[in-house]
Amino acid sequence: MGIAKDGSKKENFQRGVELRGRITLLAEGCRGSLSEKLIKNFKLREKSHAQHQTYALGIKEVWEIDEGKHNPGEILHTLGWPLDQKTYGGSFLYHMNDRQIALGLVVALNYHNPFLNPYEEF
């Protein structure tokens with residue numbers, strides 16, 4: 001913060017924070033600019049023979065449920081289910097506060113079945 005366009009330090013300059021960790025996760029959405037720079041700079045795709053990013057459609061609804069069925073903080077993830085074995089995706093269920101849950105389905109956009117409708121699957 002506080003660096004002028006020419007690279008000089010302005011009066012509000014603050015040195016950046018150095019973070020260190022065994023694993024760095026960049027979650028800046030599809031085609032994130034920082035991720036793309038790092039992948040190119042460190043040749044991450046070549047080193048690990050990594051596949052390109054997968055794009056998916058995510059659908060989420062928030063429901064209010066009965067108190068007896070609500071467990072705040074409980075999380076359920078599935079890999080694949082309820083989709084068929086040839087379709088990449090899965091579902092999630094998050095118990096939030098106030099008897100609310102977030103329920104969702106994620107389906108990769110490279111599905112093979114031309115009749116698959118992610119909204120109907122959800």
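Helix-derived [θ] at 222 nm for the chain: sum -39500 (n - 2.57) over DSSP H runs of at least 4, divide by residue count, nearest 500? Kindly include the intermediate steps, with their values, before the conclusion.
Values: 3 runs with 18 residues, N = 122.
Counting only the DSSP helices, I get -3500 deg cm²/dmol.
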*At what distance in angstrom do the alpha carbon centres of region 1-33 and region 75-90 lie from each other?*
36
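Which is the longest stretch in the chain that no exposed loop site breaks, taking sites as GluC sites (Glu not before Pro) with a DSSP loop state and at most 14 other Cβ atoms within 10 Å? Please report the intermediate quantities before stating the final value.
Values: sites that count: 11, 18, 28, 74.
Of all site-free stretches, the longest is 75-122.
Test of the criteria: in region 55-122, which trypsin sites (Lys or Arg not before Pro) are in a DSSP loop and have at most 10 other Cβ atoms within 10 angstrom of their Cβ? Can you show the working numbers first?
Working: sites: 60, 69, 86, 99; in loops: 86, 99.
Here the trypsin sites (Lys or Arg not before Pro) that fit, given the DSSP loop and packing criteria, are 86.
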*Using the heavy atoms of the protein chains alone and a 1.4 angstrom probe, what is the accessible area of the chain per residue in square angstrom?*
87
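The values are calculated or read from the model by the stated rules, or taken from the named source; none is laboratory data. Note that the structure is a prediction, hence the values are computed from the model and not measured. Glycine also receives a Cβ, built like all others from the backbone with ideal geometry; neighbour counts cover every protein chain displayed. Protein only, heavy atoms only, side chains kept; ligands, DNA and RNA dropped before computing areas. Shrake-Rupley method; radii C 1.70, N 1.55, O 1.52, S 1.80 Å.
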